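The values are calculated or read from the model by the stated rules, or taken from the named source; none is laboratory data. Just so we're clear, the structure is a prediction, and the values are computed from it rather than from any experiment. In this analysis, Cβ positions are derived from the backbone assuming ideal geometry, glycine residues included, and neighbour counts consider all displayed protein chains.
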Amino acid sequence: MAQREIIYDKNKFSIAYDIVNLAMEDCIVILHGWGSNKEIMKQAFAKQMSDLKHIYIDMPGFGKSTNPVVLTTDDYARILQIFFDDIGIKPLMIAGHSFGGKVATLLNPACLILLSSAGILVPKPFSVRAKIAAFKILKPLGFGKMRRFFASRDVEGMSHEMYETFKNVVNEDFSGSFAQFEGDALLFWGKSDTATPLWTAQKINSIIKRSKLYPLEGDHYFFLKHSKFISDTIMQYYKEHK
């Protein structure tokens, strides 16, 4: 593992990353989702795609990367662009799982690879909406410290900065960003995904003009079971467009 310090908006970020197949020229960056880290993405793909250099990154606030401030998805993309420039890479392809898919989209690669990406708003179940309404009623009455009871599992153990960051990014509608993307896109999705359901993939597929959708068996982490198919499809695209 390597560590690189960068400055963004007068704040210092220590970014942890790993490089696989260092000798290869063309590069793919692979980004994890919210609450995850680079290790799960390495587990899936590090032994695949041997003709490409892989860059695995702990995004700020996850894994071994630091985050001292409240961020937006735009901030994450800008931080990663600074990081790319700092280590001297220009990724040909960027893959992103879940939240990482939104960041990857903003980085505007020639080929975008979405793995059950976030970005299309999914209606919340009634139980979740009821919790949110109750919290809003109780907070002005001095019950704000009960946040732990009302918060989702996605925010357990978070720092203040990451909790506020989560609130910034969790309910974003990325339809406009997907529509603005003009490159090629490969969409891989779990058919049984409940976090980012298959219908959201179908919507993204209809929005991004040059996209192709591959529904696969599995849930939000379907890519762990289908890493070879995903990698082989990516390599087929790479060889056809090299």
**Request:** For region 190-204, name all the residues that are surrounded by fewer than 19 Cβ atoms within 10 Å (Cβ to Cβ) and not aromatic (Phe, Trp, Tyr).
**Result:** 191, 192, 194, 195, 197, 198, 202, 203
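Against the definition (touching a residue at least 60 places away in the same chain (Cβ under 8 Å) and assigned by TED's automatic domain parsing to the domain that holds residue 233), how does residue 86 come out, yes or no?
When the stated conditions are applied, residue 86 passes them.
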**Item:** Looking only at region 164-180, and only at residues there that are within 15 Å of residue 114 (Cα to Cα) and under 16 Å from the mean Cα position of the chain (by Cα), the one that is surrounded by the fewest Cβ atoms within 10 Å (Cβ to Cβ)
**Value:** 175
**Complete:** When region 49-65 is checked residue by residue, the ones that are buried (at least 17 other Cβ atoms within 10 Å of the Cβ) and assigned to a loop (DSSP other than H, G, I, E, B) are 49, 52, 58, 59, 60, 61, 62, 63, 65
**Request:** Inspect region 189-198 for any residue being assigned by TED's automatic domain parsing to the domain that holds residue 109, assigned to a helix (DSSP H, G or I) and not polar (S, T, N, Q) and give the result as yes or no.
**Result:** yes
**Complete:** In region 199-230, residues that are out of contact with any helix residue (DSSP H, G or I) (no Cβ under 7 Å at 6 or more places or on another chain) and in a loop (DSSP other than H, G, I, E, B) total 9
**Asked** Among (1) over 14 Å from the mean Cα position of the chain (by Cα); (2) under 19 Å from residue 224 (Cα atoms), where does residue 33 come up short?
**Response** (1)
**Message:** Against the definition (surrounded by fewer than 19 Cβ atoms within 10 Å (Cβ to Cβ) and assigned to a helix (DSSP H, G or I)), how does residue 233 come out, yes or no?
**Reply:** yes
**Tally of residues being among the hydrophobic types (A, V, I, L, M, F, W, C), out of contact with any Asp or Glu (no Cβ under 7 Å at 6 or more places or on another chain) and touching a residue at least 60 places away in the same chain (Cβ under 8 Å) across region 223-242** = 4
**Item:** Residue in region 170-188 that is in the same structural domain as residue 41 (by TED's automatic domain parsing), within 16 Å of residue 99 (Cα to Cα), touching a strand residue (DSSP E or B) at 6+ places or on another chain (Cβ under 7 Å) and in a helix (DSSP H, G or I) present
**Value:** no
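Which ones in region 21-48 are surrounded by fewer than 20 Cβ atoms within 10 Å (Cβ to Cβ), under 18 Å from residue 91 (Cβ atoms) and out of contact with any Ser or Thr (no Cβ under 9 Å at 6 or more places or on another chain)? I'd like the intermediate steps shown before the answer.
Initially, region 21-48 is screened for residues surrounded by fewer than 20 Cβ atoms within 10 Å (Cβ to Cβ), giving 21-27, 35-37, 39-40, 42-43, 46-48.
Within this subset, residues satisfying the condition of being under 18 Å from residue 91 (Cβ atoms) are 21-27, 42, 46, 48.
22, 23, 25, 26, 27, 42, 46, listed by residue number.
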**Message:** Suppose we filter region 1-33 for residues that are out of contact with any strand residue (DSSP E or B) (no Cβ under 9 Å at 6 or more places or on another chain) and closer than 17 Å to residue 99 by Cβ; how many remain?
**Reply:** 0
